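What follows is a structure written as structure tokens; I'll ask about it next.
Each reported figure results from applying straightforward, stated rules to the coordinates on display, with no laboratory input. Quick caveat, the model's predicted, so the values are computed rather than measured. Cβ placement follows ideal geometry from the backbone for every residue including glycine, while neighbour counts extend to all protein chains displayed.
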């Protein structure tokens, strides 16, 4: 068992995985830039595409050599998932856990799960399989359980709480703790501002998803709990929705560009 764990850690810390992790962070940035572009199209009435990861991957698949690019993204996402999983399991091995260490392990595990999910969605898109409606299907299933409305509502409240914490951390530039930022003052300021704006925008998007999940629980309507796409389109339906969605798109685009810097400067 120890040998297996050692081998797994060697794989996760290998140079190919480190290079792949940087590719995966670039891929993550591309994904958010595409989501931002799709959101802009929706804001100005020019498109009905899904404004989420599914829509981004479908947009890539529609391009020449798009499916090949999707498989490159899959490899990058898998590498990031392995790297984050290594952090979650081994980062503090042999050291007595503190609250901060436990928190970082949980965060790394959650990020590993996110990138594993992205790899699955991108892979399914590459082979022509759809992934839409999964959030709605999951919510419908849970709502049918005894006390399901309370469970779904609790999930929504947790998402809102996580969004608030992420927005706070983003504004406080916590992301810099894991980066070797450039020595040039101007370049560092660019990274900081992109990270702040992008992280807050991403947190707001997560908070919107949480609000819709709570609404789905209250109204017993699983169609509202279907991820980022209905959250952004619900925002577009509000007074001044076009402006709000355009601002959100700019924030998500800022996060996408920040991911490119993160790929270069993150300590892998």
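Limiting things to C-alpha atoms, what are the Rg and the maximum Cα-Cα separation (Dmax) for region 134-268, in angstroms?
17.3, 58
In nm, what is the difference between 0.36 nm times the number of residues separating residue 264 and residue 218 and their Cα-Cα distance?
The span from residue 264 to residue 218 would gain 12.2 nm if fully extended.
For a footprinting-style exposure proxy, rank 261, 115, 150 by other Cβ within 10 Å, fewest first.
Listed from fewest to most nearby Cβ atoms, that is 150, 261, 115.
Okay, moving on. When ranked by the protection proxy of mean other Cβ atoms within 10 Å per residue, highest first, what sequence do the peptides 78-84, 172-178 form? Present the calculation step by step, with values, prior to reporting the outcome.
Values: 78-84: 24.4, 172-178: 14.0.
Those peptides, ordered most packed to least, come out 78-84, 172-178.
Normalise the Debye intensity by I(0) for region 206-255, one equal point scatterer per Cα, no solvent, then take log10 at q = 0.18, 0.24, 0.25, 0.32 Å⁻¹ and round to two decimals.
-0.56, -0.87, -0.91, -1.14
Using Cβ contacts closer than 10 Å as the measure, can you line up 192, 63 from fewest to most?
63, 192
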